[in-house]
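Notes follow the structure.
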Amino acid sequence: MNRRLLIILLSAFVIAAGSTYLVWRMVGVRMSASKPQPSARLVAAARDIKIGTILAPADLTTVAIVGSAPPGAILDPKNAIGRGVIANIYNGEAILDNRLAPMGSGGGLAATIKEGMRACAVRVDEVVGVAGFVTPGMRVDVLVSGVPPNANSNNQDTQTRTILQNIEVLSAGTDIQKDAEGKPQQVQVVNLLVTPEQAQMLALASNQMRIQLVLRNPLDTKVTPVQETAITSLFAGPKAPEAKPAKTSGKRTKPAAQQPFTITVINGAQKSEEKFATPGGQQ
């Protein structure tokens with residue numbers, strides 16, 4: 001066979017194979033694109049909805065998404081109307097079941113209380129409330145100051161102890177929203193999210209002692225034991241060093257020799273002298 005003819009046939013075979021592959025890829029892509037993609041229609045917020053709001057039909061809309069619905073998504077508006085919002089929901093955001101309170105629990109502060117927890121009100125002033133910067137969502141430690149029951153009833157026995165750590169603030173005054181601008185607000189009552197046991201501790205402390213709230217970093221959730229502080233420890237100065245006893249040598253010193261003294265006795269015309277070794281001697 002002519003060599004030139006063989007090269008032409010091989011080139012034609014390669015071109016035909018490449019063209020066939022390209023056609024197969026293009027047809028495959030179009031066929032896959034023509035397949036119907038799964039989609040879902042979810043209930044979403046028609047506007048920004050704040051925590052504590054009870055959902056109404058005007059607050060809801062629907063949005064279509066490509067793919068399957070995420071876990072907990074609400075597909076029917078009837079399952080959301082009348083339920084309280086326990087976390088802020090923004091316009092166009094899909095509403096999930098865990099962002100709403102159970103049906104019939106209402107709205108406001110009560111809807112934000114987690115199962116098994118309690119909201120305990122603590123009366124504060126400008127200083128106790130950390131100059132008004134205690135706002136919903138922050139974390140605080142609770143300190144109490146007072147005289148222990150077994151101590152004397154005077155100011156010298158006053159102690160301060162940290163009884164609760166990393167406690168969430170539910171509301172400050174009548175506001176259950178976070179302050180977006182970070183401005184201080186003067187409030188008289190702060191509601192804390194606590195367990196029933198912690199609620200008992202707060203109730204007892206509020207009746208017998210003075211309560212102080214201490215702000216902490218929201219990322220710092222570590223609970224560490226803290227030793228109580230007594231008022232006497234604030235004024236206790238450094239201890240004076242103990243005086244060291246003077247060093248004495250093992251040798252005993254001999255007492256100095258006592259010098260004798262002489263007494264002259266005159267008896268009429270007679271004169272005599274008497275010597276004594278000690279001053280206590282007598283004639």
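The values are calculated or read from the model by the stated rules, or taken from the named source; none is laboratory data. Every value quoted in this text rests on a predicted model; they were computed, and no experiment measured them. Ideal geometry is used to build each Cβ from the backbone, glycine not excepted, and the neighbour counts take in all protein chains shown.
Kindly indicate the residue of segment 109-118 that is of a type in the set (G, A, S) and surrounded by fewer than 16 Cβ atoms within 10 Å (Cβ to Cβ) and also modelled with the lowest pLDDT among those meeting that condition. Give the steps one after another, and end with the answer.
Of segment 109-118, the ones of a type in the set (G, A, S) are 110-111, 116.
Imposing the further condition that a residue be surrounded by fewer than 16 Cβ atoms within 10 Å (Cβ to Cβ) reduces the set to 110, 116.
On the way: A110: 76, G116: 88.
Filtering first and then ranking leaves A110.
From the residues in segment 1-46 that are touching a strand residue (DSSP E or B) at 6+ places or on another chain (Cβ under 8 Å) and either assigned to a helix (DSSP H, G or I) or at pLDDT below 85 (or both), which one is surrounded by the fewest Cβ atoms within 10 Å (Cβ to Cβ)? Filtering first and then ranking leaves Q37. Of a type in the set (G, A, S), outside the structural domain of A199 (by TED's automatic domain parsing) and within 30 Å of L143 (Cα to Cα), is that true of G108? Yes; evaluated as a whole, the condition is true for this residue. Of everything in segment 51-66 that is assigned to a loop (DSSP other than H, G, I, E, B) and in contact with a strand residue (DSSP E or B) (Cβ under 7 Å, 6 or more places away or on another chain), the residue that is surrounded by the fewest Cβ atoms within 10 Å (Cβ to Cβ) is T53. Within segment 84-120, the set of residues being farther than 20 Å from L193 by Cβ, in a loop (DSSP other than H, G, I, E, B) and of a type outside the set (G, A, S) comprises Y90, N91, E93, I95, M103.
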